[in-house]
Amino acid sequence: MIRPVLFVDLPGIIYAIDRRARGRQHEFANFVCWPEPVESNLPSSPILRNILPLSPASRTWICEDHWRILGFAQVCERPSRTAWDLAYLASLVQRDVSGDEILAALLEYTLEMAATHGILRIFAKVEDGIPEMEMFLRSGFQRYARELTYIYEPQATSLPASEGEPASLRRWSRHHAWGFHQLYRAITPQRVQMAEMYDNYEEYTKLHVGTPRALTSPFGRGNENYICDVGVRLGAWLRLCRGYGSIPHRIFLHVHPEHADLAEPLLRFGIRRLLEIDVRRIYCLVREYDSFVITALRNSGFEQTSTRALLVRHVALLATRQSTVPLLEQRAVYGLKGLGTVNSRQKLRGDKTAYATCDH
């Protein structure tokens, strides 16, 4: 049986248990999707939004048998509220139940829930080359890019020499949101833009930079956003996320193809600024087509550690009732011809017009 749970931290707890078990050469669960700490670059949603079922930012479902948890899935809502990120998908190690069947059932259930909640797209990150990739492809997911994880180890790498800040470096302002979206369009292949389908610059900015309230919130933990203003466009964008607890520092960098020379100075500026605060590991997630950023990472002492495939599933909404549209004039008559051998005719019900179909 698959059912929802309100305790959205359950997957994170099981993930921590699994990491500890693997450190002792044991396996507790098989995680296909999981949000590493380096991916949590935006402040957490308000607590009430995660707890109350009215408009939750996260939804969690568990697969169980006689109160024994077999697996679970969790999705996180994007700012547009029409797309989900598959944050967790895992099956617990069982001797009498196939883990593949549990994962497939949870994935199909998630797709069904997306259709009933008005979700148009589901995104997932899966390690490149794992057997479970076939399961996603059978469920209609499509690969549109790959994401590379680079790590900077300060103990094993010498700190870059100070080169000063780029002359065009500026602090982020809300007025840069439109230019930030244009920067995304300049560096992103058309196939990726079609897969992600960011409707406007505000949605893209909220997802990657955050809202103005979140940026000034004490829960932002000192995150900093910079841009390089080269006059006619934004030449680059840099985001620094300071680590805390066991979470490492993080760097996010976009560079316009016509200003590739900004990549390395910006990256080294970010490294120095983060290490001045606290000497700890630095992560950077970069997509395979960001060649200028990848070159700058390698020249600055970063090492690639993993590759994950970016997947998207476009969801068809379920029509659960006859749809209606306002009728402005009672005299209006539409001679609509449907596809195939089906006619569409109009029925008047007060000030509403309902479209129904019937056979010839």
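Points to keep in mind about this one:
- Residue in the range 84-107 that is on the phi > 0 side of the Ramachandran plot and either open to solvent by 30 Å² or more (accessible area, probe 1.4 Å) or in a helix (DSSP H, G or I) (or both) present: no
- Taken together, the residues in the range 1-21 that are open to solvent by less than 90 Å² (accessible area, probe 1.4 Å) and in a helix (DSSP H, G or I) amount to 10.
- Test: TYR226 is open to solvent by less than 40 Å² (accessible area, probe 1.4 Å), modelled with pLDDT of 95 or more, touching a helix residue (DSSP H, G or I) at 6+ places or on another chain (Cβ under 9 Å) and not small (Gly, Ala, Ser): yes
- Options ALA260, ALA309, ALA296: the member that is on the phi < 0 side of the Ramachandran plot and within 23 Å of the chain's Cα centre (by Cα): ALA309
Here's the yes/no breakdown for (1) in a helix (DSSP H, G or I); (2) modelled with pLDDT of 95 or more; (3) open to solvent by 10 Å² or more (accessible area, probe 1.4 Å):
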{"site": "GLU276", "(1), (2), (3)": "yes, no, yes"}
{"site": "PHE292", "(1), (2), (3)": "yes, no, yes"}
{"site": "THR295", "(1), (2), (3)": "yes, yes, yes"}
{"site": "SER306", "(1), (2), (3)": "no, no, yes"}
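The values are calculated or read from the model by the stated rules, or taken from the named source; none is laboratory data. Note that this is a predicted model, so its numbers are computed, not measured. Counting neighbours? That spans all protein chains shown, and the Cβs are built from the backbone with ideal geometry, glycine included. Note: accessible area is taken over every heavy atom of the protein model, side chains too, but ligands, DNA and RNA are not part of it. Shrake-Rupley method; radii C 1.70, N 1.55, O 1.52, S 1.80 Å.
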